[in-house]
1. If you go through segment 112-127, how many residues are in contact with a Ser or Thr (Cβ under 6 Å, 6 or more places away or on another chain) and either modelled with pLDDT under 95 or surrounded by fewer than 24 Cβ atoms within 10 Å (Cβ to Cβ) (or both)?
2. Looking only at segment 223-238, decide whether some residue is in contact with a Phe, Trp or Tyr (Cβ under 8 Å, 6 or more places away or on another chain), modelled with pLDDT under 95 and at negative phi.
3. Residues that are more than 18 Å from the chain's Cα centre (by Cα) and more than 18 Å from Glu32 (Cβ to Cβ), at least 3 per element: which strands (runs of 3 or more DSSP E) completely within segment 48-90 meet that?
4. Can you name every one of the helices (runs of 4 or more DSSP H) wholly within segment 147-237 that holds 1 or more residues which are open to solvent by 70 Å² or more (accessible area, probe 1.4 Å)?
5. Looking at this structure, is Arg26 of a type in the set (D, E, K, R), closer than 30 Å to Asn244 by Cα, in contact with a strand residue (DSSP E or B) (Cβ under 8 Å, 6 or more places away or on another chain) and assigned to a loop (DSSP other than H, G, I, E, B)?
6. Of the residues in segment 78-123, how many are among the small types (Gly, Ala, Ser) and closer than 15 Å to Gly238 by Cβ?
7. Collect the residues in segment 71-104 that are aromatic (Phe, Trp, Tyr) and touching a helix residue (DSSP H, G or I) at 6+ places or on another chain (Cβ under 7 Å), keeping them in residue-number order.
8. Given the options Ile212, Ile227, Ile176, name the one that is within 22 Å of Pro105 (Cβ to Cβ) and β-branched (Val, Ile, Thr).
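The values are calculated or read from the model by the stated rules, or taken from the named source; none is laboratory data. Because the structure is a prediction, the values reported are computed rather than measured. With ideal geometry, Cβ positions are generated from the backbone for all residues, glycine too; neighbour counts draw on all protein chains shown. Heads up: the accessible areas ignore ligands, DNA and RNA and are worked out on the full protein's heavy atoms, side chains in. Shrake-Rupley method; radii C 1.70, N 1.55, O 1.52, S 1.80 Å.
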Amino acid sequence: MSSIITQTTEPSYGKIKAAVEAIQARSSLKPELALVLGSGLGAIADEVTDKTIIPYSEIPGFHPTSIIGHAGRMILGKMNGIPIVLLDGRFHRYEGYPMEDVVLPTRVVITLGVKTLVLTNAAGGINTRFRAGDVMLIEDHLNLTGENPLVGKNLSELGPRFPDLTEAYSKRCLEIFQTAALETKTPVHKGVYGGLLGPSYETPSEVRMLRILGADAVGMSTVSECIAANHMGIEVAGLSCITNLAAGLSPDKLSHDEVLELSKIGAEKMKRLLLLALPRMALRTEAPAAPSKPPKVASKTSEKVSAK
């Protein structure tokens, strides 16, 4: 535990500023939304038009990605007419990078002017109603990484010492996604994401523990970005592509190849949701009214929004 903590470095506003200046030298776009693409979800980037692509290796403080399925590039452009910045791939804490670097892309896009951050990931399904290829709207998370990106000296330029996480994932954005799911006839779940450090997959006993704690899905990203974004005072939304059943829930062993293959199914569903929901998020008005008798929405036990 102590070895992990000592590797966490103090946040540096100068590092954020250097990255922002490098990006603004390449693009004059002022993005309203940011979208982070998880493992195998890079195909969603094809929907961006008028794009400027910047490899992470050309942005100060960013790292090239080493995980298959993470392209390692920033894309600035428009999606359905909305100015947007995409982070196509992540670099993770389990790759050995300090937490300050893991959340640097989040802090940079917010400093560019983003007001809403949409996080996507590939996750293992813990809820027994989930199946590979399903999409889960994240309504909350469990930070079980043993770390927090706000440890260390607080930068008042970014946010308060003790940020509130009562609504870590925006209810407004969640309602917009639920309405988009109904309109596009895309079945979705909603639930709690359990974030672990990785890189090993969970044991069956750990999965049983996570279910008792309230997790519906589990992965190795997202929670630190969510915390960093809430610290800076912006809205956060999250979507998980369920790529496999977690350990012990299936007779098959887990593999990253399986994650990448099954993420293609979830990516198509996510794309339909995002193309409809993102323009509504950018309006920052009330979410479209839900039906007077909405279908039952998934949360722990009954987990699906009917799209029939």
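1. Let us first name the residues in segment 112-127 that are in contact with a Ser or Thr (Cβ under 6 Å, 6 or more places away or on another chain), namely 119, 121-123.
If we keep only those that are either modelled with pLDDT under 95 or surrounded by fewer than 24 Cβ atoms within 10 Å (Cβ to Cβ) (or both) too, we end up with 121-123.
Of the residues in that region, 3 qualify.
2. Let us first name the residues in segment 223-238 that are in contact with a Phe, Trp or Tyr (Cβ under 8 Å, 6 or more places away or on another chain), namely 223, 226, 236-238.
Still in the running and modelled with pLDDT under 95: none.
Scanning segment 223-238, I find no residue that is in contact with a Phe, Trp or Tyr (Cβ under 8 Å, 6 or more places away or on another chain), modelled with pLDDT under 95 and at negative phi, so the answer is no.
3. Numbers: elements: 49-55, 73-79, 82-88.
The strands (runs of 3 or more DSSP E) meeting that bar are 49-55.
4. Values: elements: 171-183, 204-213, 223-231.
The helices (runs of 4 or more DSSP H) meeting that bar are 171-183, 204-213.
5. On the way: of a type in the set (D, E, K, R): yes; closer than 30 Å to Asn244 by Cα: no; in contact with a strand residue (DSSP E or B) (Cβ under 8 Å, 6 or more places away or on another chain): yes; assigned to a loop (DSSP other than H, G, I, E, B): yes.
Judged against the criteria, Arg26 is not a match.
6. Going residue by residue through segment 78-123, those that are among the small types (Gly, Ala, Ser) are 81, 89, 96, 113, 122-123.
Narrowing further to those that are closer than 15 Å to Gly238 by Cβ: 122-123.
Number of matching residues: 2.
7. Narrowing segment 71-104 to residues aromatic (Phe, Trp, Tyr): 91, 94, 97.
The answer is Phe91, and nothing else.
8. Details: Ile212 fails: within 22 Å of Pro105 (Cβ to Cβ); Ile176 fails: within 22 Å of Pro105 (Cβ to Cβ).
On inspection, the qualifying residue turns out to be Ile227.
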